[in-house]
Amino acid sequence: MQVKDVTTPLLSGKIGNLIYYVRGGKQYVRRAAIPGKKRKWEVSGRTPKQKAVTGRFSIVQAFYSSYRRTVSPDIWTMAARREGKMAHNLFYAMNCGCFNGEGELVDFEKFHFAYGELLLPRKIRVEAADKVFQVSWEEERMWDTASPDDQLCVGLLYESLPLGARLAPEVSGERGKLSGKFTLDPKLGDKAHVYCFFRRKDGHAFSDSWYAGSVSLSTDVYK
C-alpha cells in the first residue's frame, strides 16, 4: 500500500480483499477476486441485462478504438485531459446510451461525434447543392472559445459503415466566414449521418458536435 499524493492522501494498493486505486485524481476501490472461488455469474451465467451491458461496453470500446484510427486520436484525449479522465472512459460515458444491447448505434441525434471546449455557432444549416453540401451558420461571439479562424470539420457515419466513423473529404469553411462545404466519399456510400464541429486552427481544441441529420448523394436532400 502506498500514498499517491501527500497533499491529498489517495491510496494505491491492496488491504485485505480490497484493492484501492486512483484514476483521474479520484479514489476508487474494488473487491479482489478470491482465488479458486467462482463469481456468481460464472456459476449461473449472466442475466440478459448483464449481457446487454457487457455487449454495449465491448462495442463502444471497439468503436472508439476504430475512431482513433480513422478520425483523430486527439479530440477525446484533449477533452478527457481537461476533465481529469481517460479518453475511452469519457467517450463511453458520453455515448454508451446511444447504443443498444446488441451493439447497434440507434440514437444518432444524441451521439457526440466530437466533444470539447470551443463553442458551436448558432443556427447551423446543411443544404444540398449538386452533390456538394453547403453548411451555413450565424456567429456573434468572438471569445477565447470562439475565434474567426476556427475551422469547420464534418464527421460522417455512413449507412454502409454504421460503426465506422469518418471525416468528410474536401471540407472547407472558417467560423468567421459563416459558411463552408463538404462532400461524401462515394466509395464508402451515398448516405451518411452528418455531424458538424469546429477545430481551432492550431489543432489544440475542438467543439462539441452538432447533428445535422442524414444526407444522400442519390436524392440531393437531407433530413
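Tallying residues that are surrounded by fewer than 13 Cβ atoms within 10 Å (Cβ to Cβ), part of a loop (DSSP other than H, G, I, E, B), at pLDDT below 95 and of a type outside the set (Asp, Glu) within segment 108-140 yields 1. Yes or no: segment 109-120 includes at least one residue that is in contact with a Leu (Cβ under 6 Å, 6 or more places away or on another chain) and either touching a residue at least 40 places away in the same chain (Cβ under 8 Å) or charged (D, E, K, R) (or both). No, every residue in segment 109-120 fails to be in contact with a Leu (Cβ under 6 Å, 6 or more places away or on another chain) and either touching a residue at least 40 places away in the same chain (Cβ under 8 Å) or charged (D, E, K, R) (or both). Report whether or not residue 199 is buried (at least 18 other Cβ atoms within 10 Å of the Cβ), within 24 Å of residue 145 (Cα to Cα) and within 22 Å of the chain's Cα centre (by Cα). So residue 199 fits the description; yes.
Return yes or no: is residue 182 within 30 Å of residue 99 (Cβ to Cβ), touching a residue at least 60 places away in the same chain (Cβ under 8 Å), surrounded by 16 or more Cβ atoms within 10 Å (Cβ to Cβ) and touching a strand residue (DSSP E or B) at 6+ places or on another chain (Cβ under 7 Å)? It is false that residue 182 is within 30 Å of residue 99 (Cβ to Cβ), touching a residue at least 60 places away in the same chain (Cβ under 8 Å), surrounded by 16 or more Cβ atoms within 10 Å (Cβ to Cβ) and touching a strand residue (DSSP E or B) at 6+ places or on another chain (Cβ under 7 Å).
Only one of the numbered conditions (1) of a type in the set (Lys, Arg); (2) closer than 19 Å to residue 78 by Cβ; (3) in contact with a strand residue (DSSP E or B) (Cβ under 6 Å, 6 or more places away or on another chain) is not met by residue 200, and that is (3).
Table: residues versus (1) touching an Asp or Glu at 6+ places or on another chain (Cβ under 8 Å); (2) farther than 22 Å from residue 121 by Cα; (3) among the hydrophobic types (A, V, I, L, M, F, W, C).
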| position | (1), (2), (3) |
| --- | --- |
| 146 | yes, no, yes |
| 151 | yes, no, no |
| 154 | no, no, yes |
| 173 | no, no, no |
| 178 | yes, no, yes |
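The values are calculated or read from the model by the stated rules, or taken from the named source; none is laboratory data. Treat the numbers as computed from the prediction; the structure is a model and nothing was measured. No Cβ is skipped: glycine too gets one built from the backbone with ideal geometry, and neighbour counts run over all protein chains shown.
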